[in-house]
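The values are calculated or read from the model by the stated rules, or taken from the named source; none is laboratory data. Quick caveat: nothing in here was measured; it's all calculated off a predicted structure. Cβ: placed from backbone, ideal geometry, glycine included. Neighbour counts: every protein chain shown. The protein model used for the area step is the full one, side chains on, heavy atoms only, and it has no ligands, DNA or RNA in it. Shrake-Rupley method; radii C 1.70, N 1.55, O 1.52, S 1.80 Å.
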Amino acid sequence: MTPVGVLGAGAFGTALAISMARQGPVTLWARDAGHARDMARTRENPARLPGARLPDALTPAADIAALAGCGPILLAVPMQRLRQVLADHRDRLAGHPLVACCKGIELQTGLGPLAVIAQVLPGATAALLTGPSFAADIARGLPTALTLACADADAGRALQARLSTANLRLYRSTDTLGAELGGALKNVIAIACGAVIGAGLGDSARAALMTRGYAEMQRLALARGARPETLAGLSGFGDLALTCTSELSRNYRLGLALGRGEGFDPAITVEGAATARAVAGADHGVDLPITDCVVGLLDGTLSMSGATETLLARPLKEE
Ligand SMILES: NC(=O)C1=CN([C@@H]2O[C@H](COP(=O)(O)OP(=O)(O)OC[C@H]3O[C@@H](n4cnc5c(N)ncnc54)[C@H](OP(=O)(O)O)[C@@H]3O)[C@@H](O)[C@H]2O)C=CC1
Ligand SMILES: O=C(CO)COP(=O)(O)O
């Protein structure tokens, strides 16, 4: 069996590699050669996924040429890095089915991962793997369900069969736009929910924000042509429910810090911050009051009390 390739030895890339290496060969590329060598020697990735052991079938690689012998390649780098990574390694990636594992909207263009892939590698078979999944849970072999979205139904079926594992149950979709937007926008709402809890506004306020945040996700996604059932699925509702209620979520933790008026380590990957700015700044004619408040909190132009008053003072309307 040709190995599955994983580009990006971060938390998610490593967790997916571990899960898939339990049923076949996987090559995990790390951009830092020393990082790859350390993983090969110690059989762990403590910096990104502490406590997880790398199965024997997982081969860390420092040279991206090692991906040449792989079949599908999973792209597990942050959304705002995706374009550069694809451009840097275009020749190595050409000809392989590419599975974007990142969640977000590109700040400069307002595009999602699959549109970025199409621009850098036109004609590539591309899919998206997204949904409610903490890297730590996947690495521990806990049951996880994800959406595998691919515009090409046959390619999607093949990738679903190839990438599903004993604990990773993949559901197919051809609504790539809806899957992209669900995974990206839930991070913005998770920041908002963390801020509400961090400010001590309570679980009822969080439930209201999750619900109205889901409405905001739907408004934007449907306006851009997504299917409602996609937003109601794993990539939308499922991931929203997970990310808005767990301190394992970095987006939620950033929100907690904002609500508490505390700082947050900028080195930690938090996709929702850039996505909020990308979406709020775009001209799509859709009302996104929660997203706008998140941007204000991130930029320091809006206080928690100001954000709360802004949302509570909105004109009364039908649900
Ligand atoms: N963590 C999780 O539980 C989940 C994450 N995701 C998504 O996965 C994506 C990746 O996040 P995650 O793995 O968690 O983030 P991490 O911060 O753990 O890892 C990011 C990885 O990307 C690599 N990277 C960053 N920039 C570049 C670059 N220019 N070239 C090559 N590699 C680069 C980093 O390399 P280096 O180590 O050398 O810095 C690192 O290995 C995000 O979009 C996230 O939303 C989805 C579901 C769950
Ligand atoms: O996407 C995730 C869960 O589905 C991971 O969440 P964070 O990026 O907020 O850590």
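Quick notes on this structure:
- Heavy-atom accessible surface of the chain: percent carbon and sulfur, 1.4 Å: 53 percent
- The range 59-74 - phi-based ³J(HN,Hα) in whole Hz, Karplus 6.51/-1.76/1.60, Gly and Pro as x: 10, x, 9, 9, 9, 5, 4, 5, 6, 4, x, 8, x, x, 10, 8
- Per-residue 3J(HN,Hα) values for the range 216-229, derived from phi via the Karplus relation 6.51 cos²θ - 1.76 cosθ + 1.60 with θ = phi - 60°, read 5, 4, 4, 4, 5, 5, 5, 5, 9, x, 6, 8, x, 5 Hz in sequence order (x marks Gly and Pro).
- The phi-based Karplus calculation (6.51 cos²θ - 1.76 cosθ + 1.60; θ = phi - 60°) puts the 3J(HN,Hα) values of the range 10-16 at x, 4, 6, x, 5, 5, 5 Hz, whole numbers, x for Gly and Pro.
- Taking amide H as placed 1.01 Å from N in the peptide plane, the amide H of T59 sits under 5 Å from that of V26, T27, L28, each at least 5 places away or on another chain.
- For the chain, built as a Gaussian network whose Cα springs stay under 10 Å, the top-fluctuating residue of A61, A33, A135: A33
- Separation of the range 42-120 from the range 179-228 is 27 Å, based on Cα centroids.
- Helix-only CD estimate at 222 nm, as mean residue ellipticity for the chain, using -39500 (n - 2.57) per DSSP H run (n ≥ 4): -14000 deg cm²/dmol
- Probing with 1.4 Å while keeping every protein chain in the model, the per residue accessible area of the range 279-319 equals 64 Å².
- FRET E, pair R53, L316, Förster distance 41 Å, beta-carbon r, rounded to 0.05: 0.15
- The chain, relative contact order [Cα under 8 Å, separation at least 6], %: 15 percent
- Solvent-accessible area per residue in the range 140-213 equals 38 Å², computed with a 1.4 angstrom probe and all protein chains kept.
- Candidates P315, N45, P78 compared by Cα position along the dipole of the chain: farthest toward the positive end lies N45, with charges placed on Cβ.
- Rounded if a/c under 1.5, otherwise prolate or oblate - the chain, Cα gyration tensor axes: prolate
- Solvent-accessible surface of the range 1-109, averaged per residue with a 1.4 angstrom probe and all protein chains in place: 43 square angstrom.
- Farthest toward the positive end of the dipole of the range 185-313, out of F264, G238, T211, is the Cα of G238, where the dipole comes from beta carbon charges about the Cα centre.
- Cβ-placed point charges (K, R +1; D, E -1), dipole of the chain about Cα centre in debye, nearest 20: 660 debye
- Rounded, prolate or oblate (a/c below 1.5 giving rounded, otherwise prolate when a/b exceeds b/c) for the range 92-197 by Cα gyration tensor: oblate
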